[in-house]
1. Packing-wise, with mean Cβ within 10 Å as the measure, how do 134-144, 590-600 rank, highest first?
2. Determine, from the Cβ-Cβ distance of K594 and Y373 and an R0 of 45 Å, the FRET efficiency 1/(1 + (r/R0)^6), rounded to the nearest 0.05.
3. Work out the length of the dipole vector of the range 102-181 about its Cα centre, built from +1 on the beta-carbon of each Lys and Arg and -1 on the beta-carbon of each Asp and Glu, and round it to the nearest 20 debye.
4. Whose amide H sits under 5 Å from the amide H of V298, counting only residues 5 or more places off or on another chain, with H placed in the peptide plane?
5. Summing Lys, Arg as +1 and Asp, Glu as -1, what charge do residues with Cβ under 15 Å from the Cβ of P499 carry, P499 excluded?
6. Given H placed on each backbone N at 1.01 Å, which residues far from N21 in sequence or on other chains put an amide H within less than 5 Å of it?
7. Tell me the label-point distance for the pair E361, N604, using the 7 Å Cα-to-Cβ offset, in nm and rounded to one decimal.
8. Please give the Cα centre distance for the range 520-576 versus the range 253-293, rounded to the nearest Å.
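The numbers here are math on the coordinates, done by the rules we state, and not lab data. Note that the structure is predicted; figures quoted are calculated from it, not measured. Here the Cβ positions follow ideal geometry from the backbone for every residue, glycine too, while neighbour counts run over all protein chains shown.
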Amino acid sequence: MEKINYPSQEILNSQKLIGKNYEQIILWILYNNDGCEWSHFIEKPIEIPIATLSRHLTTLKRKGFVNKISRGHYRITPEGKNRYYELSRYKGKERKLSYPPEIILKSERNYNHWILWMVYNNNFCKKSDFFEEPLSINQSSLSKNLTLLIENGFILKKDSKYIITQSGKVEYSKILQHYDIDRQTILEEESKRIDEITKETTRFFKKYNIIDENIKFRYLNKVLKLDYSKVSIVLTNKEDFDKILLFISINHPNNYPNYISFEEFSVLYQIKKKNLDFWVDEIVEGDLYETKFFRLDVPPDKHYFFQSDEKLEKMLQAITEEYIKKNKYMQKFGGSERLESLINNILEEICNTLFNKGLMESLRVFLPKYIKYLAYKFEIKRELKDSYDKLDVLIWQDLSEIFDLQISEDLKSQYEEEVKEIDRKIELNPNNIDLYKLKIKILIYFNQYNDVLRVLDNMLKTYPEEEIDIMMKKASILKRKRNLRAGLDIIEDLLKKYPKNKALLSYKAYWFQYLDRKNESLEIIQKLIDSEQGKGIYYDNYGEILMYFEEYEEAIKRFLKALVMGSDDWYIYQTYIKLGICYKAVGNYNLAVKNLKKGKDLINESSIDPDTKQKWGAIADLFLTEIEQL
């Protein structure tokens, strides 16, 4: 048996708040060995309790610090090594900091850019680091910008140190585009991010024998743009996420006619098909990420994927725009083409230059939707700067009226026409609040949050008696815009007018949770419990907040109390599912499965709306699938 290196007694006996610093101990062992098995952590001299080990390994995997490479076998990741350095280094040693270049410091006082640059290019930063020259950020501005960056999920504060997140690294790459930095410098900065995942990606390619350079490049491009942390709470297996990105990368139009089906991929790469189905749909069709994906459907059952701003899509956009503009200009001379002829001309060129001719009929179906996408893209374009841009937008606006397309099964028609139709109905029946709600639903679907806020302001004038509901919808939109502070201000203003409204107090507790103000959040829920001791829903709320902060064992106690007090209440199916998730987190898989299945059974028996049924059913299925894999 391979000899395992164990940490010194000094580390084993170290204190962090109360009890041993298990995070440091686990990372030390993984860092100083080429992988470890479960037994190495629970036997002497370590002897970590099983529930504690399960909880910490789950958290470390979710944060991307540890990979499970086989059953009961774990290995540290590059991110985990960085975390280990943070826990082990810089104790009493002088640090030498890297500072932003002058082009960034002298452009404007974009303090958020400076802070991101610092936490990206240094292992961590302390608050005092930002007071020093050449930054010299004042206390007020620093506090404001640090708070906003934390709320947006770009940095974390741990032990008085500020650390960049994966989302922050993506944002850092974006801010470089704001400055007149030469392309080589930007590529060098981007290569730092690539270096962070090179070892992990190399192992992944080697493990699954990925040798095609084009597939590797497309995969790497997705890994850099799609942040795993956004889905890690539900999709806890990081390697499954990588496999899903690999599936999308393999089934690219450039690979046609080669194709690997969902069934074949799930067997070959050992991933549950329903996991693969669900997450491919969420990434390609959903709004999880800013990156836009396009899908080409080839009857009877093949699907190819490509993303916006890659080479293929840029060339497709250039060709399509040229034909559209030419057609519009020729109208002045009586020489414009009919829509069908226009599509045929575009198809002829792109099937000779970009796509395999075997995709022609699939592209014929796809092109009208793509043109509509371009039309919408132009309409939300930045403020126009010259008359030529204005002419472009007029062209695309005309196209918006020509194309009558289905973008989703729920909305049944494209965004602009649907909104116009609702506005016409509102003019005829201005007191029908359901019309406003439908309009808001469509605007949210298309991420038109500023328009939603304007509609809500108008609704408040017409329906002042609905103030609480309207203003909470406004707070919810501000949360989507990552302006949590403004949302909290709305709730606090409402509580001044309605101090006895317990629903508002619950909202405030959740808002404190979003802001990582755990103690204040739990204090509010406890007051609600004390004031209405017979209501189980407040115990459910309490458990959910504890669950958010990964205090699973305490959360379990509250969820069990909620079940005892409100076994027939409407929310109980959610309580069972959340309880199952917590049991999984602490390693009690039998109880996890039992409660997840109970929650699913209650969903099927309930009269809740289909969307809610689908959402909670999918969550239960995903965790049940992960437990099966364990």
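1. 590-600, 134-144
2. For R0 = 45 Å, the calculated efficiency reads 0.50.
3. In total the dipole reaches around 280 debye.
4. Residues meeting the amide H criterion: H303, Y304.
5. +3
6. The answer is S14, K16.
7. That separation, rounded to one decimal, is 3.9 nm.
8. Computed from Cα coordinates, the inter-centre distance equals 37 Å.
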